[in-house]
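> Dropping a structure here in C-alpha cells format, bear with me for questions.
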Amino acid sequence: MPRELRGDRASRPAPPEPKRPSALRLWLRRRKPLLRPAAKIATGLTLLGVIAVGVASFDPASRLSALTDRVTAGLGAKFGGMTVQDIRIEGARNTPQHLLRQALDVRPGDPILAFAPEAARVRLSNIPWVENVEVQRHLSGTIYVRMTERAPFAIHQNNGRFAVVDREGRIVATDRLDAFGPLPLIVGPGAERSAAPLYDMLRDQPDLLARTQALVRIGERRWNLRLHSGTDVLLPEGHEAAAIARLAELHRQNALLDRPLQTVDLRLPDRLVLRQNPAPEPAPATARTRTGARG
C-alpha cells in the first residue's frame, strides 16, 4: 500500500512553472506611480463636467462658474504644473496691444486650465479692429490667437469729428488718422455706410479720382464730388455710374474739370449746367489815382 501511494505520487505531472508577467504588465507596473496624477486629473475633470451640467440646468446665471474655474485651475497647478508658457497672436497689425492683453486676460505662469478660450474669443470680438478671431488652448502651455482685422477704408468727417471706417462704415479708429496711409475723405451723415460703391466707380476713372478731394453726402440721398480746385460736381440720386462716365468723357473732350467752375450739375440726364466762379471784384482805386483824376 505505501509503495502504491509512492508510485502514484511519482506518476503525477510536475506543477507548471509560474508564468512570467507580460512586457505590457511590467511596463504598466513600473509607470503606475506616474499614472496616478493623470488619473486624478481625469477624475477631477469628469467631476467638473458633471458640475457644469448641473450649473447650466439649475443655475442659468452661472453663479458657480467662478468656483468651477478656481477648482479647475487648482487641479492644473497641483498636478503636472500645467501653466501658460507662451501666447502667440497672428494677424494683429493695427489692433492696439493693450486692448489685446486686456481682452485675453492671461499671462505666462497662469494656470492653463483656468483660461477659457471661448470667453476670450468673445472679448476679442468686441474690439473694433477685429473682424474674425479664433482662440485655442493647448495643454502644452501655449495659447494661440488667429485673427483677421477690418481693413481701413476711408476717413469719415461728420460734425467736425473724424474717424477711420471700414467699407461697411464701422469705426475702427479715432486717433492716429495719418497712420494708415492716404485714405479717401467722405463727409456727412450716412456717408460712411454708402461711400464704398461710389469710390469704386471713381477708381475706374483715374483722372476724376485724382482731382477729387472728398465725397460729400447730401441729405443722406445723393452725392457731390468736391474737387481740389474747389468745384462741386452734383451727381444724380441713384444714377451715379452714368453721371461719372459722362463727366469723364466731357473732361477728355473739353478739359472740363480744369476750368474755373463753381459747380458742374449732372442731375439732369439731358442737360449739363455749369456755373462759373464769380468774377473777382475790381480793386479799389488808390488815393493817388483819385487825386490825379481830380487834377
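> Residue 173's amide H: which non-local residues (gap 5+, or another chain) put their own amide H closer than 5 Å, with H modeled 1.01 Å from N in plane and none for Pro or chain starts?
When sequence neighbours closer than 5 places are left aside, the close amide H contacts are 164.
> Extending each Cα 7 Å along its Cβ direction at residue 200 and residue 262, get the distance between those two points in nm, one decimal.
That separation, rounded to one decimal, is 3.6 nm.
> Now for a different question. Run the numbers for residue 139 and residue 232: contour at 0.36 nm per residue of separation, minus the present Cα-Cα distance, in nm.
Length difference between fully extended and current span is 27.3 nm.
> Okay, moving on. Put a dot 7 Å past each Cα toward the Cβ at residue 272 and residue 249; how far apart are the dots in nm?
Using points 7 Å along Cα→Cβ, the separation is 1.0 nm.
> Whose amide H sits under 5 Å from the amide H of residue 83, counting only residues 5 or more places off or on another chain, with H placed in the peptide plane?
Excluding prolines and chain starts, which carry no amide H, the hits are 112.
> Moving on to the next point. Quick one: plug the Kirkwood hydrodynamic radius of segment 154-244 (C-alpha pairs) into Stokes-Einstein at 4 °C, 1.567 mPa s, and report D in µm²/s.
In µm²/s, the coefficient is 97.
> Among 205, 180, 255, pick out the residue whose Cα is farthest towards the positive end of the charge dipole of segment 154-276, where Lys and Arg carry +1 and Asp and Glu carry -1 on C-beta, about the Cα centre.
So the residue furthest toward the plus end is 255.
> Among 212, 174, 142, which comes first, then next, by fewest other beta-carbon atoms within 10 Å?
174, 142, 212
> Please work out how much length the chain gains when fully extended from residue 210 to residue 178, using 0.36 nm per residue of separation minus the C-alpha to C-alpha distance, in nm with one decimal.
Stretched out fully, the residue 210 to residue 178 stretch lengthens by 9.6 nm.
> Give the shape of segment 86-149 as rounded, prolate or oblate, defined through the alpha-carbon gyration tensor: a ≥ b ≥ c are the square roots of its eigenvalues, a/c under 1.5 means rounded, and otherwise the shape is prolate if a/b is larger than b/c and oblate if not.
Judged from the Cα gyration tensor, segment 86-149 comes out prolate (a/c at least 1.5, a/b above b/c).
> When a footprinting reagent is the concern and you count Cβ atoms within 10 Å, what order do 138, 156 take, fewest first?
So the ranking, lowest neighbour count to highest, is 138, 156.
> Order of 98, 239 from fewest to most other C-beta atoms within 10 Å?
Taking fewest neighbouring Cβ atoms as first place, the list is 98, 239.
> Taking the Cα-to-Cβ direction at residue 88 and at residue 241 and moving 7 Å from each Cα, how far apart do the two end points lie in nm?
4.5
> Please work out the FRET efficiency for the pair residue 218 and residue 101, using the Cβ-Cβ distance as r and a Förster radius of 51 Å; give the result to the nearest 0.05.
0.75
No lab work stands behind these numbers, since they all come straight from the coordinates. These numbers were taken from a predicted model, which means no experiment stands behind them. So basically every Cβ, Gly included, is an ideal-geometry build from the backbone, and we count neighbours across all protein chains shown.
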